[in-house]
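For reference, the structure is listed below as structure tokens.
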Amino acid sequence: MYEVAITGIGVVSCLGNNTNRVSASLRKGKSGIVIDKKRQELGFRSPLTGAVRNFNPTDYLSRKRRKTMPDFTIQTYAAVDEALTMSGLGEDDIQNHETGLIFGCDSSCQAAVEQVALLRKHGESKSIGSGLVFRSMNSNITMNLNTILKTKGACWTISSACSSGGHAIGQAADLITLGRQQRVICGGAQEINWECMCSFDALGAFSTRTEEPTSASRPFDANRDGLVPSGGAAAVVLERYDLAKQRGAKILGKIAAYEFSSDGVHISAPSNDGLRTTMQKTLARAHLQPGDIDYICAHATSTAVGDSVEAQSIFKVFGPQTPWVSSLKGMTGHELWMAGASSVVYSVIMAREGFIAKNLNFETPDAESRKLNIVTETIQRPPETIMCNAAGFGGTNSCLILRFDG
């Protein structure tokens, strides 16, 4: 069994298009949530969204490469490029059978909409072209990056709703632990276009606090009225710890443990046992006690039921002396398929830069959240042991424990 090192991270999100900009936003508690005028024009109940700004795809890839890639895959490439640069791995290090790609993604909606529109407009399929067939596939991230990076190991996409990114990083770590791969480039991504959000909007799950967009996402707050959708891409480079040390890599942290569970109850409402069980299993796998966790990067998305269930679960596992807890979705909104991966990237940033980001817009606790030690102002010290939660439709749960104590 091998230890798993984190040697690189990269991100494109509504908080910034690289780790330095995201770090500044996290430390300041700066929100990336805006009003999308197009959604207003189309009749959305909520036009609120996280927005990736000033990202130019032409800065990263040629037109030929971009032909088979939706926006979020290009953003993933940018995040991976940053992560690989940080890791110090070169082409010779990754173009082999010991290097894999695993990403979490559960939709590629816009391309499917575009191809149907072209067929209806022209009355024949010739106008659709060859790129859309690849852009419309959930696996478009891994298939495109595999051909660009020329990795020859694992190459697949995990689709498990909002825990997709967490499971992708966890499975990547497992492959390394078991000696199946020496390194894996992993993470998660989420498209941010209106096409993929209209059915969510129809469910009435989004916040309608439009008078002040930056205060709309309110995880754990008693006055929360729904989530704010968001997206982008988060990438992590994992390596066998001994090999990373051998090549002189800078070790950013370790994956101490990964666990999973499913509720087996309801397709959209979380149960009271699933996430609690996952956290307990992850602690046991890491050989840690609840008191060993410094900080919980919570999944809480600013929904009434979801936040309440997670708060209850945290209290049941950790008791009255809970670690510091914050959901960064007060700043980012809910990054959906990307969320489990971005929480890892944000956690590594905080550990590297020496702070714990606050739970933005947490003003009034409710009966469950008042039991937690929620971060209301940025804490100027680094966490050494972090638990990252993610949960998704269908009752799927993932939990990762990260260590930064050397």
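Observations
- Hydrodynamic analysis of segment 78-236 uses the Kirkwood radius over alpha carbon pairs. Inserted into Stokes-Einstein at 20 °C and 1.002 mPa s, it gives a translational diffusion coefficient of 120 µm²/s.
- Residue pairs, from the table 38/329; 67/152; 250/281; 38/254, whose Cα atoms sit over 31 Å apart: 38/254
- Cut-off under 5 Å, modelled amide H: who pairs with residue 154 long-range: 100, 101
- Residue-by-residue Karplus 3J(HN,Hα) for segment 313-320, coefficients 6.51, -1.76, 1.60, Hz, glycine and proline x: 5, 4, 5, 5, 7, 9, x, x
- Charge dipole of the chain about the Cα centre (unit charges at C-beta), most positive-ward option of 340, 166, 86: 86
- Peptide packing: for 363-370, 385-392, the average count of neighbouring Cβ atoms within 10 Å per residue gives the ranking 385-392, 363-370, highest mean first.
- Kirkwood hydrodynamic radius (C-alpha pairs) into Stokes-Einstein, segment 242-370, 37 °C and 0.692 mPa s, D in µm²/s: 204
- You can think of it this way: the chain between residue 198 and residue 378 has 61.4 nm of extra reach, that is 0.36 nm per residue less the Cα-Cα gap.
- The distance linking segment 223-243 with segment 19-45 is 16 Å (Cα centroid to Cα centroid, whole angstrom).
- In segment 228-277, the inverse of the mean reciprocal separation of distinct Cα atoms equals 15.0 Å; this is its Kirkwood hydrodynamic radius.
- Computed from backbone phi with θ = phi - 60° and the Karplus coefficients 6.51, -1.76 and 1.60, the 3J(HN,Hα) list for segment 380-385 is 8, 7, x, x, 9, 9 Hz; x is used for glycine and proline.
- Built amide H within the under 5 Å cut-off of residue 322, gap 5+: 373
- Proximal charge balance of residue 129 [Cβ under 12 Å; K/R count +1, D/E count -1]: +2
- Each of the peptides 25-37, 221-233, 158-170, 280-292 was scored by the mean count of other Cβ atoms within 10 Å over its residues; in descending order, highest first, they stand as 158-170, 221-233, 25-37, 280-292.
- Fraction of beta bridges assigned by DSSP in the chain that are antiparallel (%, nearest 5): 65
Values quoted throughout were computed directly from the atomic coordinates according to the rules given, and no laboratory measurement underlies them. The shown structure was predicted, so the numbers you read here are calculated from the model rather than taken from an experiment. Virtual Cβ from ideal backbone geometry, glycine too; neighbours counted across all protein chains shown.
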